[in-house]
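The values are calculated or read from the model by the stated rules, or taken from the named source; none is laboratory data. Computed from a predicted structure; not experimentally measured. Cβ placement follows ideal geometry from the backbone for every residue including glycine, while neighbour counts extend to all protein chains displayed. Heavy atoms of the whole protein, side chains included, go into the accessibility calculation; ligands, DNA and RNA do not. Shrake-Rupley method; radii C 1.70, N 1.55, O 1.52, S 1.80 Å.
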Amino acid sequence: MPEIEVFAPAKVNLALHVTGQRADGYHLLDSLVAFAPAGDRLRLAPADAMALTVRGPESRGVPEGPENLVLKAAALYGPGPAAAIHLQKCLPAASGIGGGSSDAAAALRGMAALRGVAPAAGAAVVKLGADVPMCLDPRPARTRGIGEELSPVTLPPLPSVLVNPRVEVSTPAVFKALASKDNAPMDEIPAFANAADCIGWLARQRNDLQPAAVALAPVIAEVLGALEALPGCLLVRMSGSGATCFGLFESDEAAAAAQARLAAANPGWWSAHGPLGDQSEAAAARRTL
Ligand SMILES: C[C@@](CO)(OP(=O)(O)O)[C@H](O)COP(=O)(O)OP(=O)(O)OC[C@H]1O[C@@H](n2ccc(N)nc2=O)[C@H](O)[C@@H]1O
Ligand SMILES: Nc1ncnc2c1ncn2[C@@H]1O[C@H](COP(=O)(O)OP(=O)(O)O)[C@@H](O)[C@H]1O
């Protein structure tokens, strides 16, 4: 069997409302997610036993042992044909764009292809991480519950710049620091005529984790300010529990120029640009037709 390659795109919470808390402490969320062309890459080669190597520009500090979500995800398939997995880390870890969750989801897809079975589903997948189910089929969706209730949404591609100041933010610490855990859900999602229409609607939604994350890591406010000051920027917001923030722009050209400018002014920050939207395998196949 040849090697299998799987893409693990960055997840972006375009809006993230915290609407309650379950008895077990997990928070109820109402979020609109889309996926970026930036992401990690996994290569699975058939092997006698499961193994993992982690390399790439963002691999520093990412575990190579059984605690890596890639190996935890692969273990869900039980005994049977195994793979040597190579993970190329391009997304910063612990940064609110679900790098580890997207890697886990990509490992679930890759192992399913290797074994010729359907990808794992259900409670065991949610246990890997609340964000893993939405990353299994990385296309725009409204997510509810703790992240596992998914409704597909049609969105226009949204020209974006993603920026991370290279400060890791702990997701549990941000949830713990929330002033209010019982906020209004997102407004009903209309059919969007174009990107400007969608951005106008997004401007009226929120990321309820943003104030708590800024209090824990004030550099996030600097990132939001730097994005906002770029020509052609229409909306800025934080993704997930931070610290990555995104700016939405009037065009792909404006986003590319803005990223170049921001990267030159802040050489220590990670950044990427590209349209947020559908990064599923079905969409990739449509693009190559
Ligand atoms: C905040 C979000 C928004 O999409 O994104 P990230 O910042 O991680 O990208 C997610 O809910 C994070 O999902 P994920 O990172 O997979 O979370 P998990 O590993 O399941 O949980 C990490 C910890 O976050 C808290 N947690 C997570 C999800 C949730 N709905 N409520 C919570 O309270 C819990 O303290 C939990 O122990
Ligand atoms: N494949 C992986 N990539 C990144 N981090 C991982 C991975 N597997 C386990 N981890 C651990 O998970 C933690 C959260 O990482 P990540 O999923 O990238 O966070 P977030 O969802 O906030 O972006 C990291 O601190 C890291 O130690």
Identity of the residue in region 140-154, part of a loop (DSSP other than H, G, I, E, B) and within 14 Å of ligand 2 (Cβ to nearest atom), that ends up nearest to the chain's Cα centre (by Cα): 147
For the list (1) at positive phi; (2) at pLDDT below 95, I need the number of the one condition that residue 179 fails. (1)
Within region 156-196, restricting to residues that are in contact with a Cys (Cβ under 6 Å, 6 or more places away or on another chain) and touching a residue at least 60 places away in the same chain (Cβ under 8 Å), the one that is most open to solvent (accessible area, probe 1.4 Å) is 156
Has region 116-125 got at least one residue that is at pLDDT 95 or above and within 16 Å of ligand 2 (Cβ to nearest atom)? yes
Checked region 130-152 for anything touching a residue at least 40 places away in the same chain (Cβ under 8 Å) and within 19 Å of residue 190 (Cα to Cα); matches are 139, 140, 141, 142, 143, 144
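Quick check, is residue 22 open to solvent by 60 Å² or more (accessible area, probe 1.4 Å), more than 25 Å from residue 280 (Cα to Cα) and at pLDDT 95 or above? Steps first, please.
Details: open to solvent by 60 Å² or more (accessible area, probe 1.4 Å): yes; more than 25 Å from residue 280 (Cα to Cα): yes; at pLDDT 95 or above: yes.
Spelling it out, residue 22 is indeed open to solvent by 60 Å² or more (accessible area, probe 1.4 Å), more than 25 Å from residue 280 (Cα to Cα) and at pLDDT 95 or above.
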Starting from residues that are within 11 Å of ligand 1 (Cβ to nearest atom) and of a type in the set (A, V, I, L, M, F, W, C), keep the ones in region 100-117 and report whichever is nearest to residue 34 (Cα to Cα). 105
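In this structure, does residue 76 turn out to be crowded, with 18+ Cβ neighbours inside 10 Å and either within 12 Å of ligand 2 (Cβ to nearest atom) or β-branched (Val, Ile, Thr) (or both)?
It is false that residue 76 is crowded, with 18+ Cβ neighbours inside 10 Å and either within 12 Å of ligand 2 (Cβ to nearest atom) or β-branched (Val, Ile, Thr) (or both).
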Among the residues listed as 111, 1, the single one being surrounded by fewer than 18 Cβ atoms within 10 Å (Cβ to Cβ), in contact with a Pro (Cβ under 9 Å, 6 or more places away or on another chain) and of a type outside the set (Gly, Ala, Ser): 1
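Here is a yes/no grid of residues against (1) outside the structural domain of residue 189 (by TED's automatic domain parsing); (2) in a strand (DSSP E or B); (3) of a type in the set (A, V, I, L, M); (4) within 11 Å of ligand 1 (Cβ to nearest atom):
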site: 126; (1), (2), (3), (4): yes, no, yes, yes
site: 135; (1), (2), (3), (4): yes, no, no, yes
site: 138; (1), (2), (3), (4): yes, no, no, no
site: 162; (1), (2), (3), (4): no, yes, yes, no
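Results for (1) touching a residue at least 60 places away in the same chain (Cβ under 8 Å); (2) surrounded by fewer than 21 Cβ atoms within 10 Å (Cβ to Cβ), shown as yes or no for each residue.
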| residue | (1), (2) |
| --- | --- |
| 47 | no, yes |
| 60 | no, yes |
| 64 | no, yes |
| 70 | no, no |
| 82 | no, yes |
| 93 | yes, yes |
| 102 | yes, no |
Considering residues of region 73-99 that are assigned to a helix (DSSP H, G or I) and in contact with a helix residue (DSSP H, G or I) (Cβ under 6 Å, 6 or more places away or on another chain) only, the residue nearest to ligand 1 (Cβ to nearest atom): 73
